[in-house]
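Participant: Got a structure here, written out as structure tokens. Questions coming.
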DNA sequence: GCCTTGTTTCGGGCCCGGCCGAAACGTGCC
DNA sequence: GGCACGTTTCGGCCGGGCCCGAAACAAGGC
């Protein structure tokens with residue numbers, strides 16, 4: 001007899017599920033796939049293979065595992081196999097894990113790499129919302145204006161809801177659609193600060209793209225604030241884009 | 001040339017870290033250890049070995065991997081090796097993963113198992129805060145009284161902060177200690193609903209235990225509401241413990 | 001001192017799962 | 001039809017990791 005009380009069916013069925021889920025991400029190549037797919041777009045199998053530098057055959061097998069595991073959904077079109085993250089929940093799952101990686105240490109080498117990573121640090125999308133200095137600066141500005149409460153947790157305030165209605169012409173009723181939280185903090189791995197995620201974060205990002213206040217740069221996930229966007233953010237949030245290093 | 005822009009150092013160093021972190025949980029035995037340790041207490045190596053039904057030697061190796069990976073901390077005392085989760089952050093990490101497991105399906109067999117799992121479903125601790133029907137009911141009552149905002153995210157309101165000061169004699173200044181969020185929603189895997197976690201959740205649980213409003217039952221993580229506790233919750237939150245099936 | 005008990009280290013066996021290349025399949029283009 | 005290209009399946013190789021048992025270490029208890 002031990003001092004502990006081991007339940008009759010000691011190892012719970014739960015542990016098997018947890019191990020299997022973790023196992024999906026417990027491989028360098030699959031992890032790279034998921035991180036790449038965090039940009040929210042659909043990639044083809046070949047693109048992912050090239051990105052992770054593995055043979056197409058290897059990539060194919062990994063993708064079937066990830067889709068069967070429920071992390072990815074696929075969509076065949078012609079001779080292409082497009083895959084993307086199955087849902088915002090999956091994106092949150094992966095974000096949540098990466099937030100627990102100790103050091104943001106990572107020093108790029110080579111001029112193109114430096115430029116690319118500087119652009120990413122300035123602003124980028126994180127699945128369907130904004131991240132990087134841009135995402136954090138907007139979140140901070142909204143917090144400063146009382147639109148977001150970061151003091152007692154992370155939530156959109158009443159004022160924040162009306163701001164969405166007025167500034168972005170959002171139907172506020174749809175801000176709480178389904179089970180997905182209206183607002184959520186997402187830890188930024190370059191800034192180590194929270195930025196706005198959840199339904200509101202997605203709306204904000206979509207709204208800015210729609211109005212061409214931000215624009216995707218290159219083919220990746222980096223985004224750049226446009227000059228009209230900078231003016232709009234100064235107007236709506238009192239955000240000084242230049243001082244925040246967003247230009 | 002592909003249509004995608006693969007960065008020169010294609011597979012980011014990040015993916016290695018993610019894979020390694022996930023790998024720590026990608027084993028049935030280690031997953032079982034972590035789930036057991038979610039009760040927040042320190043277990044000895046032997047207890048965990050018996051719990052997961054593996055040889056002590058296997059358990060030992062798993063524990064060194066988990067501690068070296070930063071998920072566990074150990075504390076040697078005499079000939080015992082006590083381990084526990086390294087921090088609330090780790091508990092959140094594991095909770096976050098388990099929240100993504102599809103079905104809560106799990107049907108216990110045997111009378112003792114049924115009793116045990118019924119007690120767990122009624123009320124239990126989840127690392128350092130309350131979960132089960134008890135945790136969800138308290139959270140709902142607090143939400144109904146405007147102490148918690150679950151509408152725009154998950155946050156403790158101003159009224160909630162004063163409630164902590166008055167009802168639990170908490171120093172509200174310490175409610176935002178360090179980087180840990182004041183309030184956080186934690187998805188309950190029996191109820192599939194959010195309950196209060198974060199610093200406030202820990203304070204609440206500690207406060208109730210201190211006042212003997214709840215009491216640990218058995219040696220596990222199950223807790224039971226006492227009769228004075230039921231009266232107190234009716235007083236402070238208007239919560240009808242009997243109607244909520246907490247007795 | 002000896003014995004018990006909790007833990008660790010080591011060796012060995014086994015199997016899973018990663019990778020690749022070659023070949024087959026399907027689709028779209030010409 | 002024929003060709004090119006993206007993808008998948010299969011076989012084979014190989015390394016890593018999970019398990020155990022036996023033996024070696026502590027740390028108490030006597």
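Rule-based calculations on the coordinates, nothing more; no lab input. Given the structure is predicted, the values throughout are model-derived calculations rather than measurements. Glycine gets a Cβ as well: all are built from the backbone with ideal geometry, and neighbour counts include every protein chain shown.
Participant: Which of rounded, prolate, oblate describes the range A:157-241, given a ≥ b ≥ c as roots of the alpha-carbon gyration tensor eigenvalues and a/c under 1.5 marking rounded, otherwise prolate only if a/b is larger than b/c?
Facilitator: Details: a/c = 1.58, a/b = 1.22, b/c = 1.30.
It comes out oblate by the Cα gyration axes.
Participant: So what's the angle, to the nearest 10 degrees on a 0 to 90 scale, between helix B:111-122 and the longest Cα principal axis of chain B?
Facilitator: It is inclined by approximately 70 degrees.
Participant: Quick check on the protein assembly as shown: helices-only [θ] at 222 nm, where DSSP H runs of length 4 and up contribute -39,500 (n - 2.57) each and the sum goes over total residues. Nearest 500, please.
Facilitator: Dividing the helical sum by the residues of the protein assembly as shown leaves -14500 deg cm²/dmol.
Participant: Using alpha-carbon positions, what is the distance between the centroids of the range A:58-94 and the range A:116-191, in Å?
Facilitator: Using only Cα atoms, the two centres lie 27 Å from each other.
Participant: Still on this structure, I have one more. Looking only at other chains, what is the average number of their beta-carbon atoms within 10 angstrom of each beta-carbon in A:143-151?
Facilitator: 3
Participant: Taking Cα atoms, how many degrees apart are the long axis of helix A:56-68 and the longest axis of chain A, rounded to 10 and kept between 0 and 90?
Facilitator: The angle comes out at about 90 degrees.
Participant: Starting from 0 in steps of 5 Å, tell me what percent of the Cα-Cα pairs of chain B lands in each bin.
Facilitator: Result returned by the calculation: 1, 6, 12, 16, 16, 15, 12, 9, 7, 3, 2, 1, 1, 0, 0.
Participant: Copy-to-copy spacing for residue A:242, label 7 Å out on the Cα-to-C-beta vector, in nm, shortest first?
Facilitator: So the distances to the same position in the other copies read 7.1 nm.
Participant: Under a 10 Å cutoff between Cα atoms, tell me which one of B:28, B:145, B:221 has the largest fluctuation in the Gaussian network model of chain B.
Facilitator: B:28
Participant: Please give the contour-minus-distance gain from residue A:89 to residue A:247: 0.36 nm per residue of separation, less the Cα-Cα distance, rounded to one decimal in nm.
Facilitator: Working it through step by step, the gained length comes to 53.7 nm.
Participant: Taking a point 7 angstrom from the Cα of residue A:231 along the C-beta vector, which residues in the range A:180-209 have backbone N less than 19 Å away?
Facilitator: Hits in the range A:180-209 for residue A:231 at 19 Å: A:208-209.
Participant: Please report, for residue A:180, the nm distances (one decimal) from its label point, 7 Å out from Cα along the beta-carbon direction, to the equivalent points in the remaining copies, shortest first.
Facilitator: In nanometres, ordered from closest: 3.1.
Participant: Springs between alpha-carbon pairs under 10 angstrom, Gaussian network model over chain B: which of B:197, B:165, B:59 fluctuates most?
Facilitator: Largest GNM mean-square fluctuation: B:165.
Participant: Also: Normalising by the residue count of the range B:15-86, find the relative contact order in percent from Cα pairs under 8 Å and 6+ residues apart.
Facilitator: Across the range B:15-86, relative contact order equals 32 percent.
Participant: List the residues of the range A:21-52 whose backbone N lies under 14 Å from a point placed 7 Å from the Cα of residue A:76 along the Cα-to-Cβ direction.
Facilitator: A:45
Participant: Given an 8 Å cut-off on Cα distances and at least 6 residues of separation, report the relative contact order of chain B as a percent.
Facilitator: 16 percent
Participant: Just want to confirm a number: the relative contact order over the range B:114-237, from Cα pairs under 8 angstrom separated by 6+ residues, in percent.
Facilitator: It rounds to 28 percent for the range B:114-237.
Participant: Note the distances from residue A:211 to each other copy's matching label point, with points 7 Å along the Cα-to-beta-carbon direction, in nm, sorted shortest first.
Facilitator: Spacings between copies for this position, smallest first, are 4.8 nm.
Participant: Going by alpha carbons, how many degrees (0 to 90, nearest 10) lie between the helix axis of B:198-210 and the longest principal axis of chain B?
Facilitator: 50 degrees
Participant: Determine the shape class of the protein assembly as shown: with a ≥ b ≥ c the square roots of the Cα gyration tensor eigenvalues, call it rounded for a/c under 1.5, and otherwise prolate if a/b is greater than b/c, oblate otherwise.
Facilitator: Working: a/c = 2.02, a/b = 1.26, b/c = 1.60.
Oblate.
Participant: Moving on to the next point. Using a Gaussian network model of chain A with C-alpha springs under 10 Å, which one of A:173, A:212, A:232 is most mobile by mean-square fluctuation?
Facilitator: A:173
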